[in-house]
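Worksheet: one structure, shown below.
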Amino acid sequence: MKKKKITVNNQVVRKADMHIEPEQDEIAYNGEIIEYKVYIYIMLNKPGGYLSATEDSKQMTVLDLIAERDKVLDPFPVGRLDKDTEGLLLLTNDGQLAHDLLSPSKHITKTYIAKLDRDISDHDVQLFEKGITLDGGYVTKPAGLRRIEDKEVEIKITEGKFHQIKRMFESLDNKVLYLKRVAMGNVQLDEDLKLGEYRELTKEEWQQLQQK
């Protein structure tokens, strides 16, 4: 402000206690208009080794991958990916949207790619379609299983129990060696995002999430 770099409606402002209307007034810094936001929606290509949490005293979390300028609105992970699981993770500060996306009643489909210890059979596909009985006796909701190539598959589930996909394959005497989430609902992981990179959702992607 002392350097006359802040303007409101094209007028230089010198006092920080000036009252403004965020939805009406145009605020600029050095000629660049500052956009007022209530919510932020982030798509992160999560690498392995990071917890899906906002903070942890001993381990790195996905928030450690977010730049300080994007932490201002306090985004948090929508659901969780296991520490060693990679891929699409949404972060937002929109609590209602997060609740809707995670609600079992909404049946939001989550799509994963997995590499397995051994190849699947047609019988495995049928068992996924019926629901897999996990350790402890819980029967999962029907899920999709499709062979991509030898020992590599696509999985579609509508729930998110603890280590669910790994436990589903363990019930079939198989083991997940690598797991990556590639879609949540109709929102696909941006293939241009390298591991650890992120961007804000486009307007179209945001609208797809609203449609559930």
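Any idea which of Glu149, Glu154, Glu170 is farther than 30 Å from Ile42 by Cβ and touching a Leu at 6+ places or on another chain (Cβ under 9 Å)? Full working, then the answer.
On the way: Glu149 fails: touching a Leu at 6+ places or on another chain (Cβ under 9 Å); Glu154 fails: farther than 30 Å from Ile42 by Cβ.
After ruling out the rest, the residue left standing is Glu170.
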Scope the stretch 1-12; condition under 30 Å from Trp206 (Cβ atoms) and surrounded by 12 or more Cβ atoms within 10 Å (Cβ to Cβ); matching residues: Ile6, Thr7, Val8
message: Quick test of your reading of the structure: Glu191 fulfils all but one of (1) within 15 Å of the chain's Cα centre (by Cα); (2) open to solvent by 90 Å² or more (accessible area, probe 1.4 Å); (3) over 30 Å from Ala67 (Cβ atoms); (4) among the charged types (D, E, K, R). Name the failing condition by number.
response: (3)
field: Within the stretch 13-113, strands (runs of 3 or more DSSP E) holding 2 or more residues that are touching a Leu at 6+ places or on another chain (Cβ under 7 Å) and either open to solvent by less than 40 Å² (accessible area, probe 1.4 Å) or not hydroxyl-bearing (Ser, Thr, Tyr) (or both)
entry: 41-46, 86-92
- request: Name the single residue, out of those in the stretch 115-139 being open to solvent by less than 50 Å² (accessible area, probe 1.4 Å) and farther than 12 Å from Leu172 by Cβ, that is farthest from the chain's Cα centre (by Cα).
  value: Gly137
- prompt: With respect to the numbered conditions (1) among the charged types (D, E, K, R); (2) within 30 Å of Leu90 (Cα to Cα); (3) in contact (Cβ under 8 Å) with a residue 12 or more places away in the chain, which one is the sole condition not fulfilled by Asp25?
  reply: (2)
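The values are calculated or read from the model by the stated rules, or taken from the named source; none is laboratory data. Everything numeric here is computed off the predicted structure, so don't read it as measured data. Positions of Cβ are backbone-derived with ideal geometry, glycine not excepted, and every protein chain shown enters the neighbour counts. For the accessible areas, the whole protein counts, side chains as well, though only heavy atoms, and no ligand, DNA or RNA atoms are used. Shrake-Rupley method; radii C 1.70, N 1.55, O 1.52, S 1.80 Å.
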